[in-house]
Amino acid sequence: MRDVLLKYGNKLKPAIPFAGLILLAVVYLFVTDFHPTPFHLTTIINQVAVMAVLSTGAVFIFALGSFDISLGVAMGVSVCVGILAYNAGAGVVGMLFVCLAVGIGVSLVNSVLSSVFRLPVFIMTMAMLTVLTAVLQILIGGKSSLLVPSGIQAPIKAFDNLWVRLLFVGVYFAICLVLFNYTKIGRRNKLVGGSPIVAAQTGVSIAKQTIITFLISGTGVGLAAFLMLTRAQAVSVDTGASTGMDVMMAIVFGGMPLSGGAHSKIAAGIVGSLSIVLVSQILTMLGVSPGLSQVYKAVLFLAVVFVASLSYREKMLSRAIMF
Amino acid sequence: MKKKFSISRRIVAAVMASFIAMTTLSACSDDSDAPDQQTDKHYVIGVIPFNDTAAEQLDWNNYLTEYVAKNYNIEFKFATAPGDAESAVTVVEELKLAGAEAILGIVDYPAAIQKANELEMWYIRAGGLSTLSDYEQIKDLPYYLGTMGPSLDEEYQAGYDMIESYVKDGKKDILVFAAILGLYLPSDMHVFRFEGMRDALVAAGAVYTPPASGSVVEGPGVGEFASGTSGLNITTIYGYPIESIDSTFHDRFTQAVSGKTFDAVAMTAEGSQNVNTWLNGAGITGVVIGEVSSFNATAGEAFETGILGYVVGKYGSSMGPAVIALINALDGHADIMRNADGTGARLTAPFWAANSSADFAAKRAFDDNADPAFNKAIMDKYIVRLNPSVTRTSFIEFAGFSFDDLKALH
């Protein structure tokens, strides 16, 4: 009986996050009396966009069996430098390139430190979290926040709309989907996540793979920074401080295996981000207090981790790192 | 062994499922503590706190839910305190989804206020004045009522009065703790409080030497004081006692107080309990501490135990005028608060101060939620719907009522 359950359970498991998302959408419709307005839809997309882009990029790192906890603060630094560039007259397009350059640059530093010095990614990015927070404080220097002055806000505000968000999320996701599912990059990521030893023995350069992975994720950081900048037009020392954890939650909600590897799914970032935003909005519309709402989300997260962890340990290969 | 593990997992899963179901059901159920229907009109107002757990914020929340909601048929929707501008924008959207028509914000993120304006939600920033740079960004928004709180002059005076009180009491060895200053995180209010303290010390005869940078904002350091003709021994310490923000704070604090004795500590912010603990750790006891915080229960305990000797701050019902401004706006009378030129207003609301446990207790008792300082009898007079003779001038006076004004009206 147990074997039968496991057999069908494992077959159905990939569908669970999507089923959960559909269930949440039905509950959402119910809460809105089956009359969602354009505002409801816009709000969902507004709130999903930044996390979806970050999470989609982070899936590549997660697939390696690791996680970059400094993603959020890296985005904060990217936003900050983007604002500085814009205020110096770089224009919106210039600002976008600056955000991308900073996001990719920070990720490159992460990847080099990780691969060249052979530091565990999670531990190394924890150290980077502290460093980047300090960098953000210094860049903001002497102020509690850094703003785009109202007089020159107009060009940025023009990008603060639904279609820009959809375009950014759509294009980035499409590129990541192709890279992850149809190229060597994605296949090798899953192989390394499954077992670094096996990957190394089949000729995969783990150092090279780590650098490529971080570059893809860094592009997501830069794009997310641009989207955040168009929405908030400001940065403070707390910008992105909790985003790293939110991204981790989103990816797990989206059905990503905790160990990464062969069953990693590129859609996990978007599905998880959408699920989290829907849960959050449902709780808000039901009038659940912020404190209870946090408890509710934490319990849901634990429940998802519990389901995701079922039987995965038995299937894992040796994870000893061999260079 | 495996089977036992599996069963325990099922039990955990069952408990989780029950918990989720119970939480959902409790969220769906009606709130039995509904507001009294004392007025015909029902309002839904969102509240954006500056901190979810700060004693000052909790006192404001209690006043809103325990007194205002019941007397004005208002449903308050409390958001989670946002950590940055983007989450503040999200919070505004969520409050709109929750049905809020207006927002009482204890935070000022221009992008969030712009979002509220876009969603046609009235926004008032209460509990403190927006900085001038933030205000300039948003003052023209038609749904921005303005900002209400102690002015920077009040902040300056709070620092000045604290030191003056110490000097009058004959305190000789004073530690000035300029919280936040000397770092990359100064805020206008802390700068002005420190400048008030500095000028009071100079007025007492001390000689001030500014930091090498020439500005307490740029840091590091906040400068030094020599006794001059004051007869005072003044020590300064700056920074922020949070490791992630100011990793050297505790070392500097220990170094600054080492081998010294103090009669009093003057703080530009709150945190008297922590400072007392650190002083005790350095073998220094019996020091009176003054802070800028609020008339909350924690400060009351600190007064009773002799840790606090002076406090200046806000109080629970100081949110009253801001709520009345929102009610007027929702009734179609936003002009009672907004400037004649169509911009959002900057209205001054004074601090309260106490220099003894009895004084503190009396003022806190005066602001009890059964009959708070800003009570219905006073506030009704400034609701245009109930009293059409209210003018913008009288509303500004109402927002600026001092403790003595309110005492006289009770």
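The values are calculated or read from the model by the stated rules, or taken from the named source; none is laboratory data. Just so it is clear, the structure is predicted and the values come from calculations on it, not from any experiment. Cβ coordinates were reconstructed from backbone atoms using ideal geometry, including for glycine residues, and neighbour counts include every protein chain displayed. Note: accessible area is taken over every heavy atom of the protein model, side chains too, but ligands, DNA and RNA are not part of it. Shrake-Rupley method; radii C 1.70, N 1.55, O 1.52, S 1.80 Å.
Quick one: Karplus J couplings for region B:284-297, per residue in order, coefficients 6.51, -1.76, 1.60, θ = phi - 60°, nearest Hz, x for Gly and Pro?
My calculation for region B:284-297 gives 9, 10, x, 9, 8, 10, x, 9, 9, 9, 7, 7, 9, 4 Hz in order.
Suppose R0 equals 56 Å. What FRET efficiency, 1/(1 + (r/R0)^6) with r the Cβ-Cβ distance, do A:Phe301 and B:Tyr208 give to the nearest 0.05? Kindly include the intermediate steps, with their values, before the conclusion.
Details: r = 53 Å, r/R0 = 0.95.
Efficiency at R0 = 56 Å is approximately 0.55.
Could you compute the FRET efficiency for A:Leu41 and A:Thr202, with r as their C-beta to C-beta distance and R0 at 41 Å, rounded to 0.05?
Working: r = 46 Å, r/R0 = 1.11.
Efficiency, from the Cβ-Cβ distance: 0.35.
Go through A:Lys297/B:Lys77; B:Lys96/B:Lys139; A:Lys157/A:Lys297; B:Lys115/B:Lys376; B:Lys139/B:Lys407 and tell me which ones have a Cα-Cα distance over 24 Å in this structure.
Values: A:Lys297/B:Lys77 19 Å; B:Lys96/B:Lys139 21 Å; A:Lys157/A:Lys297 32 Å; B:Lys115/B:Lys376 31 Å; B:Lys139/B:Lys407 33 Å.
Table pairs above 24 Å Cα-Cα are A:Lys157/A:Lys297; B:Lys115/B:Lys376; B:Lys139/B:Lys407.
Pull out a ≥ b ≥ c, the square roots of the eigenvalues of the alpha-carbon gyration tensor of region B:153-314, then state rounded if a/c is under 1.5, prolate if not and a/b is larger than b/c, and oblate in the remaining case.
Numbers: a/c = 1.19, a/b = 1.09, b/c = 1.10.
Rounded, since a/c falls under 1.5.
Go from 0 up to the bin containing the longest alpha carbon distance in the protein assembly as shown, width 20 Å each, and give me the % of pairs per bin.
Result returned by the calculation: 16, 44, 33, 7, 0.
Test of understanding: in a Gaussian network model of chain A with alpha carbons linked when under 10 Å, which of A:Ala85, A:Ala268, A:Ala58 would top the mean-square fluctuation ranking?
It is A:Ala85.
How much length is gained if the chain between B:Glu136 and B:Asn71 is pulled fully straight, taking 0.36 nm per residue apart and subtracting their Cα-Cα distance, in nm to one decimal? Walk me through the numbers before you get to the answer.
Details: separation 65, 0.36 × 65 = 23.40 nm, distance 3.49 nm.
Computed gain between B:Glu136 and B:Asn71 is 19.9 nm.
Once region A:106-175 is represented by equal point scatterers at the alpha-carbon sites, with solvent omitted, what log10 I(q)/I(0) does the Debye formula produce at q = 0.17, 0.23 Å⁻¹?
With one equal scatterer per Cα and no solvent, log10 I(q)/I(0) is -0.94, -0.93.
Percent antiparallel among DSSP beta bridges with both residues in the protein assembly as shown, to the nearest 5? Please list the in-between numbers first.
Values: 9 of 49 bridges.
Expressed as a percentage, antiparallel bridges in the protein assembly as shown total about 20.
Can you find, among A:Ala207, B:Ala69, B:Ala54, the residue farthest towards the positive end of the dipole of the protein assembly as shown? Put +1 on the C-beta of Lys and Arg, -1 on that of Asp and Glu.
A:Ala207
Put a dot 7 Å past each Cα toward the Cβ at B:Thr391 and A:Val112; how far apart are the dots in nm?
6.9
Mind jotting down the distance between the C-alpha centroids of region B:309-352 and region A:192-259, whole Å?
45
Please compute the average number of Cβ atoms from other chains found within 10 Å of each residue's Cβ in peptide A:275-284.
Details: counts 0, 0, 2, 0, 0, 4, 5, 3, 5, 11.
Average neighbour count from other chains, rounded to a whole number: 3.
If you take each beta carbon of peptide A:152-164 and count the beta carbons of other chains within 10 angstrom, what is the mean? Don't skip to the end; give the middle numbers.
Values: counts 0, 4, 0, 0, 0, 2, 0, 0, 5, 0, 0, 0, 0.
That works out to 1 on average.
Taking amide H positions as placed 1.01 Å from N in the peptide plane, with prolines and chain starts having none, which residues 5 or more places from B:Val265, or on another chain, fall under 5 Å of its amide H?
B:Leu175, B:Val288, B:Ile289, B:Gly290
Taking the Cα centre of chain A as origin, work out the dipole magnitude from +1 charges on Lys and Arg Cβ and -1 charges on Asp and Glu Cβ, in debye rounded to 20. It would help to have the intermediate numbers written out before the result.
Working: 19 positive and 7 negative charges, 185 e Å.
So the magnitude is around 880 debye.
Can you list the HN-Hα couplings for region B:337-343, worked out from phi with the Karplus curve (6.51, -1.76, 1.60; θ = phi - 60°), rounded to whole Hz and with x for Gly and Pro?
The phi angles translate into 9, 5, 5, 4, 7, x, 9 Hz.
Is the shape of chain B best called rounded, prolate or oblate, per the rule: a/c under 1.5 gives rounded, else a/b larger than b/c gives prolate, else oblate, with a ≥ b ≥ c the square roots of the Cα gyration tensor eigenvalues? Show your work: numbers first, answer last.
Values: a/c = 1.81, a/b = 1.29, b/c = 1.41.
Oblate shape, in that a/c is at least 1.5 and b/c is the bigger or equal ratio.
For B:Phe78, list long-range residues whose amide hydrogen, built 1.01 Å from N in the peptide plane, is under 5 Å from its own amide hydrogen.
B:Val47
If you count, for every residue in B:89-97, the Cβ atoms of partner chains within 10 Å of its Cβ, what is the mean?
On the way: counts 8, 9, 2, 0, 9, 10, 1, 4, 12.
Average neighbour count from other chains, rounded to a whole number: 6.
Have a look at A:Gly269, A:Gly261, A:Gly94 and tell me which one the Gaussian network model of chain A (Cα, springs below 10 Å) gives the largest fluctuation.
Ranking A:Gly269, A:Gly261, A:Gly94 by mean-square fluctuation puts A:Gly94 first.
Tell me, what is the per residue accessible area of chain B in Å², probe radius 1.4 Å? Before the final figure, lay out the partial values.
Details: 16910 Å² over 410 residues.
Accessible area per residue, chain B: 41 Å².
Length gain on complete extension for the stretch A:Asp33 to A:Ala127, per 0.36 nm per residue less the alpha carbon to alpha carbon distance? If you can, show how the numbers build up before the last one.
Values: separation 94, 0.36 × 94 = 33.84 nm, distance 4.73 nm.
Extra length from A:Asp33 to A:Ala127 when fully extended: 29.1 nm.
What is the gain in length, in nm to one decimal, between B:Ser356 and B:Asp341 on full extension, counting 0.36 nm per residue of separation less the C-alpha to C-alpha distance? It would help to have the intermediate numbers written out before the result.
Values: separation 15, 0.36 × 15 = 5.40 nm, distance 4.41 nm.
Extra length available between B:Ser356 and B:Asp341 comes to 1.0 nm.
Between B:Ala282 and A:Ile175, what is the label-point separation in nm under the 7 Å Cα-to-beta-carbon projection?
My value for the distance between the label points is 5.4 nm.
Modelled label-to-label distance, A:Ala90 and A:Asn161, 7 Å Cα→beta-carbon offset: nm?
Label at A:Ala90, label at A:Asn161, 2.4 nm between them.
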